[in-house]
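The values are calculated or read from the model by the stated rules, or taken from the named source; none is laboratory data. This structure is a prediction, so every number in the text was calculated from the model and none was measured. Positions of Cβ are generated from backbone atoms using ideal geometry, with glycine treated the same way; all protein chains shown enter the neighbour counts.
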Amino acid sequence: MMGELTRFFDAVANVVLPGPYRPLVLGTAQVGFLAPEVVTAAGLPAADVRDVADATGLAALERRVQAAGLFGWRGEAFDVRAEPGGAVLGQVDRGALPVLGIGAEGVHVNGFVRRADGGVSLWVATRSRSKALDPGLLDHLVAGGICAGMDAAGTLEKEAWEEAGVPAALARRAVAAGGVRYAMRRPEGLRRDYLHCFDLELPADFVPVARDGEVESFALLPAEDVLALICAEGERFKFNVVLVVLGFLLRHGVIGGPGAAIGRWDGFVTM
């Protein structure tokens, strides 16, 4: 079982950096990586991109790659940092992050209910068919990117209400459960994400409500059934959700009993 599940770690570690990527340096800090096709399409100079001296230069680069048709504006500004939690060095539109190989941070919440039989069940969302990324796939009860000027706690509270109708007082009960980071080549570009993971125990009578239209439906499933969906053939879950759910299943003894570990877990999770 655990050996089989390592395929999900392989899927989100499908690129070795720097490899063919060119560094994107803002001032003296490397903040991103540019794929060769991005350099060519945007008509950038052959040398390493080390002339983005400040936030103004970064904005100019962003406009250049957008004009080349490499991404569409999402209308959400994200902070640019050299490392998760580091100093804010600038801002770019959310759509530009993977094109420029800039790291992003997000919040993922395992919403769960304790059952009378001693087990746990997880609330699983089905993403709207109109979503730009992974439409119709399964997702967490709550998940979202951390926009400019926000932190993990504020994002959790905001997204919990907007996506699932979780009141702020209940959302604040979420318990931090480490973080997941990866570098992954996707159709939209290079995803370098850090996911702040949380577990939120919910009352048995709580029923989520999709308030912002990003979720098509919710289902409360026994954790064992969630694991079966993960192991089934085909892609059922949004690409990064599985890593966060696996951490929950490990902590609750659904995989391998209490204290079990997946061989490559330590490479993706920080506590």
*asked:* Just the residues that are crowded, with 20+ Cβ neighbours inside 10 Å and in contact with a Gly (Cβ under 8 Å, 6 or more places away or on another chain), please, taken from region 80-92.
replied: V80, R81
*How many residues are surrounded by fewer than 21 Cβ atoms within 10 Å (Cβ to Cβ) and closer than 16 Å to L122 by Cα if we restrict to region 149-164?*
0
*Report yes if some residue within region 222-237 is within 27 Å of L97 (Cα to Cα) and in contact with a Lys or Arg (Cβ under 9 Å, 6 or more places away or on another chain); otherwise report no.*
no
*Inside region 218-245, can you point out the residues that are modelled with pLDDT of 90 or more and within 17 Å of S128 (Cβ to Cβ)?*
F218, A219, V241
*Considering only region 23-43, state which residues are modelled with pLDDT of 90 or more and in a loop (DSSP other than H, G, I, E, B).*
A35
*Subset of region 169-213 (residues that are in a loop (DSSP other than H, G, I, E, B) and either touching an Asp or Glu at 6+ places or on another chain (Cβ under 6 Å) or not assigned by TED's automatic domain parsing to the domain that holds L138 (or both))*: R211, D212
*Restricted to region 135-148, and to residues that are hydrophobic (A, V, I, L, M, F, W, C) and under 15 Å from the mean Cα position of the chain (by Cα), which residue is surrounded by the most Cβ atoms within 10 Å (Cβ to Cβ)?*
V142
*Out of V80, V120, V88, sole residue that is more than 15 Å from the chain's Cα centre (by Cα), aliphatic (A, V, I, L, M) and in the same structural domain as G179 (by TED's automatic domain parsing)*: V120
